[in-house]
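S.K.: Mind looking over this structure? Questions follow.
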Amino acid sequence: MLIKKRSHWCLIASGMVSIILFVTLLYNGSSGGGLRRSSSSLRHDYQLMGRPLYKLDLGWPNNPEIFTGEVFCVAVNQYAAVVYVAQRGANVPKVLVFTTEGEFLMSWNTTTLEMPHGMVLADASSKDPTIWITDVGDGPYGHSIKQYSPSGKLLQVLGTPGKAGSGLDPLQFDQPAEIFVHESGEMYIVDGDGGMNNRLIKLSKDQKVLWMHAEKGQGLAQFYIPHSVTVDSAQRVWVADRGNKRIQVFNSITGDWLGTWGSCFTEDAPYSVRLTPDKKYFVVVQLNTNQITLLDAPPVGLIGQCKVASVIQLAEDVKPHLVDLDLKAGALYVAEIGAQQAQKFTPFSLGGSLH
């Protein structure tokens, strides 16, 4: 009888040890002390602060395992309901194409794209929309900005591929961060992402330099790692001046400096800047604090100080980089380097869009 009791208690003790070991491994894995957190666990770990304006679409995309590299940028064709996602990594397709509903359509297995950084859609309403991608690679195709067809065919190259520089004739770039193509065909380029250049360049439709700011520093109209650029309907150019932890604003016609926002970025720099379809908010990403911040857009004729309207706090190590918005449906798409994924957020509003 004593032997049976001892055997019974040994089984219980063994079971308790197994449970403790399992819980310890599980805790260490989820907290980064042991196993790395999987991207699937990061997909749904977020919270809203302030007035909630967006909510996570838990089902987008339908097959998240298709992401196989570090995701750096996204671009949306709202007319065709298509989302382009660019990623980096060895032996991975550089661009993945999804529907806005989450269906995977195709990948680009192009060798002409080395290290995609920024991406924007041009001529979205036309029959032949194109995608512009900045390439910060050091190989034969790097330090350039490339135009592709929707299927991934290389159409045109800006800059001198494979050669970093500051020249304007011919154009040269050094790690160009992002490009914004206006509906007029004019282009706004921020160059570069930590290289020799700290420039904001405006090109005409035929790609001639119209004006430029190219001084490195902390003064007005000077930059340190200009990282993202967009243009609003009031002829204002908004630049995420990452190294200086501020957003600078310029007149899109003359290039004149109009103002600076810095008070909202004391903890981390702005990495991406885009305007919501209703023109009420700027969407700004802060990579190191894993935040997506919505700032009140100022009225025409006023820059003032930045005001936070809402914050989406993502999980630690997600590392959101650049964003784009569906200007028809209002959805927000976020490229996340650390989580190696793109996520979709839909607006809290009647009809599901910010209009």
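The values are calculated or read from the model by the stated rules, or taken from the named source; none is laboratory data. Owing to the predicted nature of the structure, the values given are computational and were not obtained by experimental measurement. Quick reminder, even Gly has a Cβ in these numbers, built from the backbone with ideal geometry, and neighbours come from all protein chains shown. The area values use the complete protein model at the heavy-atom level, side chains included, leaving out ligands, DNA and RNA. Shrake-Rupley method; radii C 1.70, N 1.55, O 1.52, S 1.80 Å.
S.K.: What is the one condition in (1) open to solvent by less than 30 Å² (accessible area, probe 1.4 Å); (2) closer than 22 Å to Ala86 by Cα that Gly165 does not satisfy?
M.R.: It fails just one condition, (2).
S.K.: Let me ask something else about it. Going residue by residue through the stretch 248-257, is there one that turns out to be closer than 25 Å to Gln87 by Cα, out of contact with any helix residue (DSSP H, G or I) (no Cβ under 7 Å at 6 or more places or on another chain) and either part of a strand (DSSP E or B) or in contact (Cβ under 8 Å) with a residue 12 or more places away in the chain (or both)?
M.R.: No, because not a single residue in the stretch 248-257 is closer than 25 Å to Gln87 by Cα, out of contact with any helix residue (DSSP H, G or I) (no Cβ under 7 Å at 6 or more places or on another chain) and either part of a strand (DSSP E or B) or in contact (Cβ under 8 Å) with a residue 12 or more places away in the chain (or both).
S.K.: Is it the case that the stretch 80-91 has a residue that's open to solvent by 70 Å² or more (accessible area, probe 1.4 Å), at pLDDT below 80 and either under 18 Å from the mean Cα position of the chain (by Cα) or farther than 30 Å from Ala309 by Cα (or both)?
M.R.: Checked the stretch 80-91: no residue is open to solvent by 70 Å² or more (accessible area, probe 1.4 Å), at pLDDT below 80 and either under 18 Å from the mean Cα position of the chain (by Cα) or farther than 30 Å from Ala309 by Cα (or both).
S.K.: Follow-up. Hey, Ala240 hits all of (1) closer than 30 Å to Ser107 by Cα; (2) in contact with a Ser or Thr (Cβ under 6 Å, 6 or more places away or on another chain); (3) open to solvent by 50 Å² or more (accessible area, probe 1.4 Å) but one; which does it fall short on?
M.R.: (3)
S.K.: With the requirement that a residue be open to solvent by 50 Å² or more (accessible area, probe 1.4 Å), over 18 Å from Val157 (Cα atoms) and in contact with a strand residue (DSSP E or B) (Cβ under 7 Å, 6 or more places away or on another chain), what does the stretch 183-213 give you?
M.R.: Leu210, Met212 - these are the residues of the stretch 183-213 that are open to solvent by 50 Å² or more (accessible area, probe 1.4 Å), over 18 Å from Val157 (Cα atoms) and in contact with a strand residue (DSSP E or B) (Cβ under 7 Å, 6 or more places away or on another chain).
S.K.: Among residues belonging to the stretch 125-148 that are assigned to a loop (DSSP other than H, G, I, E, B) and open to solvent by 20 Å² or more (accessible area, probe 1.4 Å), point out the one that is farthest from Trp211 (Cα to Cα).
M.R.: Lys127
S.K.: Could you check how many residues of the stretch 299-343 are open to solvent by 20 Å² or more (accessible area, probe 1.4 Å) and more than 17 Å from Asp268 (Cβ to Cβ)?
M.R.: Going through the stretch 299-343 one residue at a time, the tally reaches 13.
S.K.: Within the stretch 148-162, is there a residue that is in contact (Cβ under 8 Å) with a residue 24 or more places away in the chain, out of contact with any helix residue (DSSP H, G or I) (no Cβ under 6 Å at 6 or more places or on another chain) and of a type in the set (Lys, Arg)?
M.R.: No, the stretch 148-162 contains no residue that is in contact (Cβ under 8 Å) with a residue 24 or more places away in the chain, out of contact with any helix residue (DSSP H, G or I) (no Cβ under 6 Å at 6 or more places or on another chain) and of a type in the set (Lys, Arg).
S.K.: Just to check your reading of the model, which residue among Gly162, Gly255, Gly192 is over 28 Å from Leu294 (Cα atoms) and of a type in the set (Gly, Ala, Ser)?
M.R.: On the way: Gly255 fails: over 28 Å from Leu294 (Cα atoms); Gly192 fails: over 28 Å from Leu294 (Cα atoms).
Only one candidate qualifies: Gly162.
S.K.: Further question: Any residue at all in the stretch 25-47 that's at pLDDT 90 or above, touching an Asp or Glu at 6+ places or on another chain (Cβ under 9 Å) and over 19 Å from Lys344 (Cβ atoms)?
M.R.: No, the conditions are met nowhere in the stretch 25-47.
S.K.: OK, next. Regarding Leu314, is this residue touching a residue at least 12 places away in the same chain (Cβ under 8 Å) and more than 21 Å from Arg51 (Cα to Cα)? Give the derivation first.
M.R.: Numbers: touching a residue at least 12 places away in the same chain (Cβ under 8 Å): yes; more than 21 Å from Arg51 (Cα to Cα): no.
Spelling it out, it is not the case that Leu314 is touching a residue at least 12 places away in the same chain (Cβ under 8 Å) and more than 21 Å from Arg51 (Cα to Cα).
S.K.: Of (1) in contact with an Asp or Glu (Cβ under 6 Å, 6 or more places away or on another chain); (2) over 21 Å from Ser272 (Cβ atoms), Ala177 satisfies all except one. Which?
M.R.: Among (1) in contact with an Asp or Glu (Cβ under 6 Å, 6 or more places away or on another chain); (2) over 21 Å from Ser272 (Cβ atoms), Ala177 violates only (2).
S.K.: Moving to a separate point now. Can you find, within the stretch 214-227, the residue that is most open to solvent (accessible area, probe 1.4 Å) among those that are over 15 Å from Asp169 (Cβ atoms) and touching a residue at least 40 places away in the same chain (Cβ under 8 Å)?
M.R.: Restricting to residues being over 15 Å from Asp169 (Cβ atoms) and touching a residue at least 40 places away in the same chain (Cβ under 8 Å), the top hit is Leu220.
S.K.: Would you point out the residue of the stretch 192-201, among those that are of a type outside the set (Val, Ile, Thr) and within 19 Å of Lys146 (Cβ to Cβ), that is modelled with the lowest pLDDT?
M.R.: Residue satisfying both the conditions and the ranking: Gly192.
S.K.: Specify which of the listed residues (Thr230, Thr254) is surrounded by fewer than 16 Cβ atoms within 10 Å (Cβ to Cβ), at negative phi and among the hydroxyl-bearing types (Ser, Thr, Tyr).
M.R.: Thr254
S.K.: In the stretch 167-188, which residue that is assigned to a strand (DSSP E or B) and more than 18 Å from the chain's Cα centre (by Cα) is nearest to Gly118 (Cα to Cα)?
M.R.: If we take residues in the stretch 167-188 being assigned to a strand (DSSP E or B) and more than 18 Å from the chain's Cα centre (by Cα), then Met187 is nearest to Gly118 (Cα to Cα).
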